Structures are given as C-alpha cells and as structure tokens.
1. Compute the distance in nm between two label points, each set 7 Å from the Cα along the Cα-to-Cβ direction, one at Arg448 and one at Phe167.
2. Where only protein heavy atoms count, and the probe is 1.4 Å, what is the accessible area per residue for segment 186-247 in Å²?
3. Please report the projected area of segment 308-421's Cα convex hull averaged over all directions, in nm².
4. May I ask you to list the residues of segment 287-308 whose amide nitrogen lies under 16 Å from a point 7 Å from Cα along the Cα→beta-carbon direction of Lys351?
5. Where the accessible area of the chain is counted over protein heavy atoms with a 1.4 Å probe, how much of it, in %, is carbon and sulfur?
6. What trypsin sites (Lys or Arg not before Pro) in segment 145-243 are in a loop by DSSP, with at most 11 other Cβ atoms within 10 Å of the Cβ?
7. Please calculate how many Å² of accessible area segment 1-121 carries per residue, with a 1.4 Å probe and no DNA, RNA or ligand atoms counted.
8. How big is the dipole moment of the chain about its Cα centre under a simple scheme where the beta carbon of each Lys and Arg is +1, that of each Asp and Glu is -1, and everything else is neutral? Debye, nearest 20, please.
Amino acid sequence: MNFSRILEEYLKNSTLHGARFIVDKDASWIERIFWVLCLVVSWYASWLLIKASLSAFENNAISFVVESSYRDWSTNFPAIIVCESKNMDRIQEVAEQLWGSDHDFTLEEVLSEIAFFRGESYHTVHECSGPDSTTSCFYSNFSYYAELVRSSCVDSISNCEWNSKPFECCKYFHRMETELGICYAINSLQAGKNKGPKLNMYSNRYTGPGTLKMELHTEATVFILGTEEVPTLVTPKTDFLVVGPYISFVRYISKRDIENDEEIRQTSIQQRNCRFADENILGVHNYYSYSACTVQCRKDRQMELCNCSSHLSPNSPDWQLCNMDGLECLNRNYEDLSVIIAKWSKRRGRKGLVCDCLPSCTEVDITTVYDSKDTMTGTQAISRIEVGLIELPTERYKRNLVRGKLDLVVSIGGTTGLFVGASLLSFVEIVYYITIRPYSTYMYEKYRLRRLMLPRRFH
C-alpha cells in the first residue's frame, strides 16, 4: 500500500474528530477546506496548552506556604560545632618537641598558621620559601603538624548539659573534618560519618525550649548551624561565637524550619531548585548542603589554580594536599579563593569565587534574639557557653507539590480530548495504520497469490 492510500484509510477510520470529512468523497472541496482549517486550529490550540502545561510542570511545580499549626511539632536543635582557633600553649609545647627550647620563635608563627590555616600564610611563605628560608622549616605533610597542635575533644570540651541534665561531652561531640581543621560537633549529620551515639535534642511542648551548656578549655569558634551545614571560611558572623578564656557567653536563638511534602521527592532537582542531604554529589562531605558545596567549590578552584588543595581540606587524599610550593600558590591567590561572589560580579572584574551551589531542601533559618558576654572570675582559663531556643517555633515554611506527574498526564489528556477528541488509543491507531496494517495486508496478499498459483491437485 502506498502512503496516500494508507493516509486515506486512516483518516476515514480515525477516531480523531473531523478527520473523516477530509477524505469523504461526498463532501465538496469547501467542506474539506473547512475541516482542514478546523483540525489545524484545534491541533495548534492543543499544542499551546500542552506547552503551557509542560512549562508550568517544569518551572512552577512547587509552592511555599507558612504553617502555624505548631502544637504538635518537635523541633530539632541546631548543630553546635566547636572549632579551635588558637592555642599558644600547645604551639609552644609542640615547637619545643620539634626544634628544642632554643628554637627561632618565628617558627611558632609558622606552626600557628599551618595548624589554624585560614587561606593566608604570610609567615610561612616569608620564612620557609625562597633562598633565605629557615633551615628548620618543614615543606610538606602539613596536615600531620596541624594534627599535632590541635587539641582533642577531651582537652577542649567539658561539663556539658542538655536542659540542665549533664551528659558525657565527647560521647556525643563527634570529630568532624572541615576546611578549618578538626572540629567537634553535636547533633550534626556531617560529624563522625553520621555514626556513633546521638543525643535526643528535640524540643516540644512537653520538654520546652532546649538549652545546651558547656565549658571550653581553649580559644575556639562555636558555630550554630543547621544539622547538615558545615563551618567554612566564609560562614556569616551571625552564625558563630568567637570565645576566649574567662568569658561567659550566652546566646538565645529562634529557629524556623522548612518542611517538605512527601511528594516533593518525586520532582527533579531542577524543578524544586534544591537538594536533599542524601542527594550528595560532593567529595569533601558525606551529605549535601549549601555550605558543603562551597567547600567543594573552593577545593576545585584550588586544584585548578595550584594543582593541589589546602592541607585542611576535608576527606582529601594525601596526594591532593599542598606542599610548600602549593601553599605559596594558595597565599598568592587568596583573594580569588576566600570570597564567594555572584557571576555578574566576576564579569565586572571583581576577584572571588563563583560557586554554582543549590540550597539544601531542609535549610533552616536561625536568628539571634539575645546575646551576652560577661567576665568570669577564677583560676581556670575556661569559657562557659550557653546556647538555647528563646521559645518553641510557632511558624515554619512548607514546600508543597502543586503540579505532579499525574497532574501533567491529566492536563495533557484533557487538552487533547477537548480540542481533537484524541485518547491514547488514537495515537496507537497512527502506528497501527503505518506499520501493522500495511504489513498484514501485504502478507495476506502474498499468501493469496501463492494459493492461486498452486496446481489444482494441491488445493
């Protein structure tokens, strides 16, 4: 069968509205033109609506609402992460172990920069590179020396209380690799590879707002972040406390969570414009978050510029870590690596890091409500930290799915049914008339001819 014959037979028997009038032999040419125009307009209108439905499904499938039915909520406490920022006593002790008591005291500055590396290393580059470098310098394996200096959990944190109930600090504060070095975190997904004992730090109307208290024996930065977030070189100042000895710090916060509808998981990452923690594409941390993504972004840029990454880069193999030449390169490119900027700022020539990072789907909004800092008396060089919820949350955001895959199917089906009277079987008919029917007709004709050509005695 030729194509025109197939098309004529299909239109004559099609379930699409108006198609049979185009090939109706009793219809005039005016009637045929009328029905062709009707079909063209109907199909075009159908295509426009289907295109609009697809666009809405891709770009407007998610809606945000504010929930206030708070009576039965359980609110998880933020992650509290303690990162040592300075320890001159420990640096002096390690320096004497390495170089003896009569060492050059500039080497202590070098050791401090290595142990508490923040992107710049002025003393290290000045003292340990070039023709006039100090012979006692070390030129590689910086992570080992950083580990020598940094205090352990037991030496850093003590006297922990949750809602006035004491608990063993280092049982629940787990080791956490960050780009600031080794930290200790409680209630964090990223710490201890999410293994080990977990303290129940949920607050509800029966427990009241939660409060965490502890004592620190070293100068440190205490980060207050979402459970999947990590400390970075550019963490906002509102998200951490810089603590030192003989000071009592108190901070009360309010917390607003983002809840996700169960069907949100069915949507693509591009549709919801966020990633869940277990949708991880990063090498530096085990779970995804915006801050973890920026750490990966900075490491990738370090590898691109210097062919190595900072010796404090989390979860990085030894062969990727910088030696002295690499450290000098990082110091030289500090401005390009330390600040995160928008793409349009880069086009204007501003120095900085452009990171294409999506937010976390479970990001939290933490706001400082009350802060105080008081001087302590006593002989022990410790600091006391108290972080608590000012009250139980009364609002939270919720991400709802308003256009799912089923909604898309119903929309497309309704559009084609309304404008052209088509169903799924109508499109099966097209395939049938183009492929199966011509082939079956050909085989039948071939069989009939063979029967006619056989001698009569075989009939």
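The values are calculated or read from the model by the stated rules, or taken from the named source; none is laboratory data. Predicted model only: the values in this text are computed from it and were never measured. Cβ atoms come from the backbone with ideal geometry, glycine included; neighbour counts cover every protein chain shown. Calculation scope for accessible area: heavy atoms of the full protein, side chains included, ligands and nucleic acids excluded. Shrake-Rupley method; radii C 1.70, N 1.55, O 1.52, S 1.80 Å.
1. Taking the two extended label points, one gets 8.5 nm.
2. Numbers: 2680 Å² over 62 residues.
Per-residue value: 43 Å².
3. Values: hull surface 72.4 nm².
Mean shadow area of the hull around the Cα atoms is 18.1 nm².
4. Of the residues in segment 287-308, 302, 305-306 have backbone N under 16 Å from the label point off Lys351.
5. Values: 13550 of 25710 Å².
So the carbon and sulfur contribution to the accessible surface is 53 percent.
6. Numbers: sites: Arg150, Lys171, Arg175, Lys193, Lys195, Lys198, Arg205, Lys213, Lys237; in loops: Arg150, Lys195, Lys198, Arg205.
For trypsin sites (Lys or Arg not before Pro) across segment 145-243 that sit outside H, G, I, E and B with at most 11 neighbouring Cβ atoms in 10 Å, the list reads Lys195, Arg205.
7. Numbers: 7220 Å² over 121 residues.
Roughly 60 Å² per residue, with all protein chains present.
8. Numbers: 50 positive and 56 negative charges, 770 e Å.
With Lys and Arg at +1 and Asp and Glu at -1, about 3700 debye.
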